[in-house]
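Written below as structure tokens is the structure these notes are about.
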Amino acid sequence: MKFGVVTFPGSNCDYDAYAAVRHILKEEVEFLWHKSEDLKGCDVVVLPGGFSYGDYLRAGAIARFSPIMNRVIKFASAGGMVIGICNGFQVLTESGLLPGALIRNTHLRFSCKFVNLKVENNATPYTSACRRGEIIRIPIAHGEGNYYNFVGDIKALEDSGRVVFRYVNSRGEAAIEANPNGSINNIAGIINEEGNVLGMMPHPERAVEDILGSADGLKVFESIRAACASLLNTVGGK
């Protein structure tokens, strides 16, 4: 299998994602330039964190119109696996691949720290290596991670199991003090209706080795590999 990591002007986590896949997961990976529409045969596309196009207008608003996103949208619409991390999550909402929006943290400060996440749904291509209800420790680094959506849409996300990660305390409670940005219902990550596009504000690529403070993020990448391998085997067996 092959991963593709998109590089926008202002991306600063593209090399982290590349290193996590290449050196820890030991899988093939290639950078995808924002001005290109060639996904280079990648099976999974990663939209990394950073400040694409300087986050002018809104975070992710300009990146949505880059040539590579035209291809990513088509890829996702055809069932291709896409994960957006932090700024990548913002790009996904701006592009319409995920619902809602990421707005300024309620405390109006940039937050950079480890947080606890509860795995609310492990029946996804991105969480199969986790247990449902498992608490994982992954860092955040954002100023606009406050997930917002309308009440009816939030209920639909919750009822359909599309809330994948939630900010919690060490006891697994979605307490106010565990919410680092004011996100509705402590939402940290969601998936699309078809289940192939994930957006999350925390950075799993920064938590793939114990020396980094946690290796819990590796479970996200291991889940992706398992899902992709299963898909490729199914296609190959037809």
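The values are calculated or read from the model by the stated rules, or taken from the named source; none is laboratory data. What you see is a predicted model, and the numbers here were worked out from it, not measured in a lab. Please note: Cβ atoms are built from the backbone with ideal geometry, for glycine as well, and neighbour counts cover all protein chains shown.
Is the range 38-50 home to any residue that is over 16 Å from M81 (Cβ atoms), more than 16 Å from the chain's Cα centre (by Cα), at pLDDT 95 or above and surrounded by 15 or more Cβ atoms within 10 Å (Cβ to Cβ)?
Of the range 38-50, the ones over 16 Å from M81 (Cβ atoms) are 38, 49-50.
Next, only the ones that are more than 16 Å from the chain's Cα centre (by Cα) stay: 38.
Checking the rest, the ones that are also at pLDDT 95 or above come to 38.
From what's left, surrounded by 15 or more Cβ atoms within 10 Å (Cβ to Cβ): none.
No, the range 38-50 contains no residue that is over 16 Å from M81 (Cβ atoms), more than 16 Å from the chain's Cα centre (by Cα), at pLDDT 95 or above and surrounded by 15 or more Cβ atoms within 10 Å (Cβ to Cβ).
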Quiz item: How many of the residues in the range 174-192 are over 15 Å from the mean Cα position of the chain (by Cα) and either surrounded by fewer than 19 Cβ atoms within 10 Å (Cβ to Cβ) or part of a loop (DSSP other than H, G, I, E, B) (or both)?
Solution: 11
Self-check item: the range 66-113, residues that are within 25 Å of E134 (Cα to Cα) and surrounded by fewer than 15 Cβ atoms within 10 Å (Cβ to Cβ)
Solution: C112, K113
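Filter the range 60-99 down to the residues that are assigned to a loop (DSSP other than H, G, I, E, B) and in contact with a strand residue (DSSP E or B) (Cβ under 6 Å, 6 or more places away or on another chain) and list them by number. Even if it seems obvious, please write down each step before you answer.
In the first step, residues of the range 60-99 are kept if they are assigned to a loop (DSSP other than H, G, I, E, B); the result is 60-62, 66, 78-80, 86, 96-99.
Passing the criteria: C86, L97, L98.
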Practice problem: Filter the range 187-212 for residues that are farther than 20 Å from F110 by Cα and either touching a residue at least 40 places away in the same chain (Cβ under 8 Å) or touching a helix residue (DSSP H, G or I) at 6+ places or on another chain (Cβ under 7 Å) (or both) and give the result. | Solution: I190, I191, N192, E194, G195, N196, V197, L198, V208, E209, L212
Quiz item: Do we have C112 as assigned to a loop (DSSP other than H, G, I, E, B), at pLDDT 95 or above and under 18 Å from the mean Cα position of the chain (by Cα) here?
Solution: no
Practice problem: Please name all residue pairs, on different chains or six or more residues apart, with Cβ atoms under 7 Å, provided the first residue is in the range 169-186 and is closer than 9 Å to N146 by Cβ and the second residue is in a loop (DSSP other than H, G, I, E, B). | Solution: N181/N105; N181/T106; N181/G145; G182/N105; G182/T106; S183/G145; I184/N149
Quiz item: Identify, please: which residue in the range 206-238 is in a helix (DSSP H, G or I), at pLDDT 80 or above and of a type in the set (S, T, Y) and is, among those, surrounded by the fewest Cβ atoms within 10 Å (Cβ to Cβ)?
Solution: S230
Exercise. Would you tally the residues in the range 213-238 being free of Cβ contacts under 8 Å to residues at least 12 places away in the same chain and closer than 19 Å to I140 by Cβ?
Key: 1
Quiz item: What number of residues in the range 8-28 are farther than 14 Å from E205 by Cβ and either crowded, with 17+ Cβ neighbours inside 10 Å or in contact with a Ser or Thr (Cβ under 8 Å, 6 or more places away or on another chain) (or both)?
Solution: 3
Exercise. Would you check which residues across the range 144-168 are in contact (Cβ under 8 Å) with a residue 40 or more places away in the chain, over 24 Å from V208 (Cβ atoms) and in a loop (DSSP other than H, G, I, E, B) and list them?
Key: E144, N149, G161, R162
